[in-house]
Amino acid sequence: MDNFRSMALPNTSLLLFVLHMCALAWQAWALVDLRMEDSVEVYMDESAEIPCLYTFTEKPMMVMVQWFVREREGHRVRISYSDLTMQKVDENTSYSNRISVRSNSDGETLTIQDVKLSDEREFFCQVSGLAAGNGEGRTLLKVFDPPEPPVIDGVLSGVSVSGDSTAKIASCETREGFPKPNITWYRDHIPIHPISGLANVVTLVTKESSGLYTVQSELHYKVTKEDKDAHFSCEVSYFVPGAVRTSESKGINITVHYPTTSVEIWKESPEGLVKEGDTVEIRCQGDGNPPAPIIFNQEQSDVELDSSPYIKPGLLVLKEVSRADSGVYECHSLDVDAVNHDEVLDTLQLTVHYLDPAVVVPKDSEVMLKGESLTATCNALSSLETSTVWFKDGIEVGRGHIMQLQDATFDTSGQYDCEVTVPSLPGLLTSGSVHIIVQGAPQMKDAEREIELTEKVGGWVNLSCEVRGYPRPAITWSITGSQSQSWREVVKRETEDQVHSVVMLKVTTDTVAVCNSTNDFGIETKTYSIRSIPFSQTPTARKTSADNSGVIIVVIIVSILLLAILGSVFYFLYKKGKLPCGRSGKQEITKEKTNKEDIVVEMKAKKTEESVLLKGVNGEKKPPNDQVTICA
């Protein structure tokens, strides 16, 4: 086989030489037009097609087409041959198993399957038509493989603005792309261009064993305080067939360290006005990063206040404040990087409002005579405007710091409570009270002073006596008539200015009971007159002869009216024929449907017409089918 190949090669070369000489002989008279694309672009691992189109000015006797590829060393290697009699792919090349050639009347197309990065090279198409002419063209095959999306990482430790030069703030990496991708940096979507002393980009390109590129880029930047809110990102740009594409990373925020230039102090709690007894929290915060230590003190005082740095930095807690805690509070930043850290402070005016205990005049209690007037006042010292309301027994009786009591009565007595509040600060409240005592002679609760009663002999009656006065009256009972052992006191209730006494009396004869109430200012009495009634009499009210005559007259008039009505009814029935009369002078009543024997009622003739009518009206009701016959 090897001998055959060694013999075939000289013969082929000889044939080609002869054909070439013939072509030179006819070259002056025949031409070939060969067209190929300058480049063909394809993704790695896909298939690429390289066309080779040609036309002859004269029809050739035979056409030979050969495909060549330029090796890395620079020389060309044939990979395919075809003529009128055969078409073959050369063996023992890197393309022997991956190419195919398709022919038509316009030319040939070379197809390369499973394109590799190493296939990015020049491919040559050589066409010979012998005497009809020959030509050669070439196409550069370009291979593309998109890289992975970029990955960005920021510096975790933070970057200080105090540095004199740029510092690394972030890195960006994209892997395994072909051709080599490019990385561009952005700040808030605006490209960052390298500027000496402000921005610098350091790029490292690595070619992997697979031929793909990995690109690493570091951004060195001179940060300022304004960069604390900025977002940095990187963008990778890469070539694809017929276009350029980009892929952007996520945005990251850089931790920027900068000194404190100002602080702010405010009252965090409670909301609104502060009153005595509240717990006050004062917050102070600087604009530096990281936050600098904060100290508190009161104005014109060098004593540092405990701000609980281990619990909540920058927080001052004042528990159960009083009016003495009012004043101006200062907070200072201890940032050593600040240019003038002694001047970095802020102040807060704290006012603690108060309400002193209420002062009531008169104090505790006041005694006044019945009919007199009294002025009572209730005041409480406060840092805010107050409001006062007076109450008695839980019921509002007045508003304002002054209460006027006019023309005092026993009802005026009692405890008066005043309540002082601050409308603008509901938590502030105080109260006081005064006890009013009204002096006067005893006063019976009932309007009647003399009461008459009747009771049968042996009966019992309850006699009540309720009196009011101050000093509290004393009650005594004086009973005449009934036996002394026939009565006893069953109820006795006493208050500061009232006495209520009830006695139970057994009536044996006409009796007079007198309730006597006395104190230092006078005496008051109440008399009960009890008339006894023997057992044979009923204890009812006596009727006068005039009353009896009036009742008799009324009865006579009613009887006459009733007789007139009954006579009219009888006459009406008679006229209508409802009452037929017989000569026998008898009245017969029959019932049509009854289980009893017929009943006949005979009335004596001497009964008057009036009595018959009354009996008919007042007698039992007759059924609808009853028949009544009355004969005079």
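Here are some notes:
- Largest-first ordering by accessible area, 1.4 Å probe, given options 295, 112: 295, 112
- Computed FRET value (nearest 0.05) for residue 156 with residue 180, which takes r as the C-beta separation and R₀ as 35 Å: 0.75
- Accessible surface of the range 359-440, 1.4 Å probe, proportion on carbon and sulfur as whole %: 51 percent
- Label separation (residue 504 vs residue 117): 12.4 nm, computed from points 7 Å beyond Cα along the C-beta direction.
- Kirkwood Rh and Cα Rg combined as Rg/Rh, the range 32-144: 0.96
- The largest accessible area among 240, 32 belongs to the first residue in 32, 240, and the rest follow in falling order (1.4 Å probe, all chains).
- Dmax and Rg, reported as Rg then Dmax, of the range 148-257 (C-alpha, Å): 14.6, 48
- Spin-label model, residue 38 to residue 229: label points 7 Å out along the Cα-to-beta-carbon direction sit 5.0 nm apart.
- Solvent-accessible surface (1.4 angstrom probe) belonging to residue 239, in square angstrom, nearest 10: 100 Å²
- Highest-first arrangement of 524-533, 384-393, where packing means the average Cβ count within 10 Å: 524-533, 384-393
- Label zone of residue 494 (point 7 Å out along Cα→Cβ, amide N under 15 Å): in the range 503-536 this covers 517-520.
- Segment residue 565..residue 350, full-extension length gain: 67.2 nm, with 0.36 nm per residue of separation and the alpha-carbon distance subtracted.
- When all protein chains stay in place and ligands, DNA and RNA are ignored, the 1.4 Å accessible-area order of 136, 466, 448, largest first, is 448, 136, 466.
- Top positive-direction residue, dipole computed over the range 263-351 with Cβ charges, set 279, 314, 326: 279
- With 21 Å as the limit on Cα-Cα distance, the pairs of 363/445; 228/250; 180/222; 445/492; 275/319 that go past it are 363/445; 180/222.
- Protection-proxy order for peptides 38-47, 497-506, each taking the mean of Cβ atoms within 10 Å per residue, highest first: 497-506, 38-47
- With all protein chains kept in place, the per residue accessible area of the range 219-297 amounts to 48 square angstrom at a probe of 1.4 angstrom.
- FRET E, pair residue 62, residue 202, Förster distance 56 Å, beta-carbon r, rounded to 0.05: 0.35
- Alpha carbon centroid spacing (whole Å) that separates the range 387-405 from the range 227-258: 76 Å
- When each of the peptides 325-332, 350-357, 98-105 is scored by how many other beta carbons lie within 10 Å of its residues on average, the order from highest to lowest is 325-332, 350-357, 98-105.
- Shape analysis of the range 445-533 places it in the prolate category; the axes a ≥ b ≥ c from the Cα gyration tensor give an a/c of at least 1.5, with a/b above b/c.
- Here the accessible area of the range 263-351 is 48 percent carbon and sulfur, with a 1.4 angstrom probe and all protein chains present.
- Accessible solvent surface per residue of the range 359-440, calculated while the other protein chains remain in place, 1.4 angstrom probe, Å²: 52 Å²
- Inverting the pair-averaged 1/r between distinct Cα atoms of the range 263-351 gives 13.4 Å as its Kirkwood hydrodynamic radius.
The values are calculated or read from the model by the stated rules, or taken from the named source; none is laboratory data. All figures in this text were calculated on a predicted structure; none of them were measured in a lab. No Cβ is skipped: glycine too gets one built from the backbone with ideal geometry, and neighbour counts run over all protein chains shown. The area values use the complete protein model at the heavy-atom level, side chains included, leaving out ligands, DNA and RNA. Shrake-Rupley method; radii C 1.70, N 1.55, O 1.52, S 1.80 Å.
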